[in-house]
Each structure stands twice: as C-alpha cells, then as structure tokens.
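Participant: So that we are looking at the same thing, I have put the structure below in structure tokens.
We did not get these values from a lab; they are worked out from the coordinates using the rules stated. From a predicted model like this one, the values you see are computed outputs, not experimental measurements. For neighbour counting, all protein chains shown are included, and Cβ atoms are generated from backbone atoms with ideal geometry for every residue, glycine included.
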C-alpha cells in the first residue's frame, strides 16, 4: 500500500497497468491523445506486482472488475477507466490535469 | 380300410423309410431313389414330406395321374438340397398325417403346395365317393375338413404366427392325433407338439427380427430428419430473421439475447410514448417545470436502456457487439455494439439551434472529448483483436505439432474474449455520459427538442430498415421475362436486361 502511495505521489499522472491488459492500452492512448505523458507502472513486470494488485483492489472497492488500469492524478486516486472517461466527458478531466501540472494550455 | 391297414403296417419306430415302403407298395410308383435320401440326417424334414406325400398317394385310388403327380412331387423333394428346413407350417400340418392318411401336401415350395392342395381339394370329393368303407369315409370327412382348413391356412399369410393355426389344427386334430405316427425319424422322438412349438418359435423370432429391423430403420430416418431440421433452424436463425420484425421478436441463439431483445422491444414502445409526450409538450408550449419532468423522464428512460445493456453484456456480449439486437440500417453505423456518440452529436448540432456561444463551446468540447474517448477505446479493442489473433494462431496452423497445446491456447483465447464485455461496458458508459452532459449543457426546451430529435432519428433508421427489407425485388432466377413480380417502373428497366444474363438458367 505504501508503495502505491509513494509511487502515486512521484508524478502528476500515474497509471498502474499491466502489459497484457487491453483496457490499460486504451487508457494510455487516451492520455497520450490529450498530450499527457503519465508515469506507467507495469505490475506484471514488477517483483512486488502481486502485492500492489491486492492493494489496488482494496483501494478501488469490491465493485471494480479489475485492479488495472488505475489512475492517480496529483497523488490522488481517480479510479478506473469508467471514472476517467466520465470525468473527461463532463469536462472535468482537463482542469484536473492542468491543476496537477500534467497539461499546459 | 385298406388305408388303415397300410397305416398300421407303416407304423414303426425305425423311421420313415418303412412308412415309405408301406406306401410305396400301395402307390406303385415311388422311385427307389427316394429311399437313399432318407438315410441322411438332414433329411428328417424331407422324410416327413415324403411321408406326407405318401399319405396323399395313399388317399388316391384314382390311379396313375395322381401317382405320377406324387412321384413328381417326391422327385422334386429328393432333388432339393437339404437346406430348406424353414417352413413353419410343416409341423403344424404334420399332425394331420394320422395313420398317414393326411390330405395335406407339404411341398418344398408353398406355391406348388397350394397348387397341389387345390388339386387335392378338387379331388377329395371324388376320392370321398370312391371309398367304400364307411369308417374310412368318416375319416376322410374329417380329413377333408382338415384339408380345407389347411387349404385356407396355406393360402393365407405364410408368415402368420403358428399359434392360431396350431390352435385351430389342434382343436380339430387332437381327437385324431396319433403320436406314434407323427415325426418318428432318425431315432429322435419329436412329437407333434414339440415340432409345432419349434416352428412357432421360429416364426415368432423371424417376425420380431423383421419388426425390429423396421423400427430401427424408422428411428434412423427420423434421427436424420431431426438433425437436418436442426441445421435448417440454426441456419435460419444465424441469417437473422430480424428483417421481418422491428423489435427482434424472432428466435435468438441465447436466452440472454432473447431476454434483451424482449426488454428492448418494450423499451422502444415506452420511448415512443415519451416522444409523443415531448412533442405534445413542446407544441403546447408547456412551462419549463412541466417540460423538465418529461425531459427527466426521457433521461431516466435512457438510463434504463443502459442498465439493460449492462445485463446483456454479461450474458451475451456477442449479441450486442455484432449488432444483432438492432436493425440493419442502424447496424451500418455500429460502433462497439451501439451508436457512436460523436456521430450522434454531429447529427444533433444543427437541430439544436439556436444555441449560445457558451453552449456551442461546450458542445464542441463534448464532441472532442467523446472523440478522444472513442479513439482510446477503439485502440484498446484493436489491441485485443491482435492479441486474440496471436493466441488463436499460436502454434503451427497448417503442419506440425499444432495439437500440442491446443486447449492451453484455447483457454487463453477465452480469457481474452472475456475482455470484450469490458469494452462494450465502457462504450455504453461513454454513451450514457454523453447524453447526461447534453442534458446539462442545454436548456429545458433545447433538451426536449434534443431528445425528440434523437428518438426521431433512430425511428427513421428503423423505418429505413423495414422499407429496405420489404422493397420490391426482382426474381433474378426467373428464366422467362413474363413472370417477374416487380412492381416499380425503375425495376422493370433493369429487369429486362437481367434475364439475358441468366438465360442459362
């Protein structure tokens, strides 16, 4: 858990992902399309991956299907793909990113 | 009288040969070659036949005609190979032999038997007259009765079970049955009852074999028919009879799909009602508060639609992603199992005028963000497709050890397929959020017009699908021009040109 928090605070946008996950690929593409370059941590390539997965699952709650992808913006937990998309559609994602310093006008 | 004496002299335990000799002397014409035949084991039935023949001969006192006939028959018997021991009716008849005065003629061929019997039948009244002995007349009476019964029996179905015939003959002949006479041959004592039983068993077995064979054949043909019907049904379903009905009331492959189609049909009816209300509200120029209720009702109705979609994505994602839940025209624009939000926005933009500048900006932002989200999801789906293709194709496809880890690869592919549900769910989420955002951007009246416009747009697409399905088509397989059922003038122009191409048909 501390690892997660530590890693999440390191960058403006942090994504916990897995190299084999296609939804993670989608979310990476979304941020790249907006001009954001997030810090990506592939859990399947990390020795502590399993623990981090468990920590993320407990963070996200029981309703989420998968622990990845999980997005942190400005050190704060944002959530999974659907949360990110909802934020983007209602126009709040970009201000968040700008606030965190991931985007400049 | 003479017969009786002969019958008695014929009695012995040693076999039919004595009988034959006994009758032979009486009948003057039995070829001696017949006796050789009786030495064989397998000739037991033929010995029986021989005895019967002798019995016939014994009755006849007419003369050479009958003797010749009997001789011919006997010769016929001896010349036949000892394989035809399959006449079920023989032993039954055999009990009619008593004292060897049987009127029945069991030849090796039932046809000829019938002939000879009819011969006998016609002759028996004659022989009856010629008999001088009262007791023998009586005997002959009884025997004629038996003969006539047997005639009937012979003429009737040979494959009939022997029980009825046996019962009839039993009834008639029991008083006359002389066990000593019947079936003494080759040292084995087989009385008439045993023989009859054996024959009945044979017949019954044969009948049941035939019945079983017929039944099995019937089952096989029904099974083939059933599998063909199933194939036809499957083919028909997969080709999608959705053209006929607008709301997918046709058969579906899975119950999840069927459930969704049913729910969707109901949802469509409800949404039509909502649209009518919206239209009425707009035309009546209702105040905002009243209109708001209707608009919110519409939005809630869309939420309900996405809820149903969520359930369907879990039960049958392919039904959604292939667009089988919707009409063909809508399917043209299919993206991730539904409409593409940015496309819908593009359609709606001109309908929403007049809008404020701020609203315009927001709508443009909405369009841009939805496009980006759509792009991201499409990219993710594409990667899923590549990954799935790699997994399915892993290992040699054509030659080599592709059997090796087949199930392993298959289970990996299954796991990857499971991700489809996630993508459809995210796409639905995108659509739902777009609609909600629209509601937030627009005023009540604009929102009312917006939802009305969306409803009307898809109604038109659905109508387009129905029109397309029921459009007049030329029957291009018609060989001659006159029978084409086209109705529109445009079609007719093309129609005249086409038959020339298909004249080969």
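Participant: For each of A:29, B:436, count neighbouring Cβ atoms within 10 Å of the residue's Cβ, then give the residues from fewest to most.
Facilitator: B:436, A:29
Participant: Return the ratio Rg/(2.2 N^0.38 Å) for region A:47-105, where Rg is computed over Cα atoms only.
Facilitator: Ratio of Cα Rg to 2.2 N^0.38 Å: 1.25.
Participant: Determine, from the Cβ-Cβ distance of residue B:217 and residue B:272 and an R0 of 56 Å, the FRET efficiency 1/(1 + (r/R0)^6), rounded to the nearest 0.05.
Facilitator: Working: r = 56 Å, r/R0 = 1.00.
The formula returns an efficiency of 0.50 here.
Participant: On to the next question. Label-point separation (nm) for residue B:459 and residue B:385, each offset 7 Å from Cα along Cα-to-Cβ?
Facilitator: Output for this residue pair reads 3.5 nm.
Participant: With each pseudo-label sitting 7 Å past Cα toward Cβ, what's the residue A:63-residue B:307 distance in nm, one decimal?
Facilitator: 1.3
Participant: With the crude spin-label approximation of a point 7 Å out along Cα→Cβ, what separation in nm comes out for residue B:346 versus residue B:283?
Facilitator: 3.3
Participant: Rounded to the nearest 0.05, what FRET efficiency do residue B:209 and residue B:230 give with R0 = 41 Å and r taken as the Cβ-Cβ distance? Could you check?
Facilitator: Calculated transfer efficiency: 0.80.
Participant: To continue, here is another question. Over the alpha carbons of region A:2-100, what is the largest minus smallest coordinate on each principal axis, giving the biggest first in Å?
Facilitator: 34, 25, 22
Participant: For peptide B:415-427, compute the average count of partner chain beta-carbon atoms within 10 Å of each residue's beta-carbon.
Facilitator: Average neighbour count from other chains, rounded to a whole number: 3.
Participant: At a 10 Å Cβ-Cβ cut-off, how would you order B:215, B:264, fewest neighbours first?
Facilitator: Neighbour counts put them in this order, fewest first: B:215, B:264.
Participant: Related question: Give me B:353, B:428 ranked fewest to most by other Cβ atoms within 10 Å of their Cβ, as a rough exposure proxy.
Facilitator: Working: B:353 9, B:428 22.
Lowest count first: B:353, B:428.
Participant: Once each part is reduced to its C-alpha centroid, what is the distance from region A:1-24 to region A:78-105 in angstrom?
Facilitator: 16
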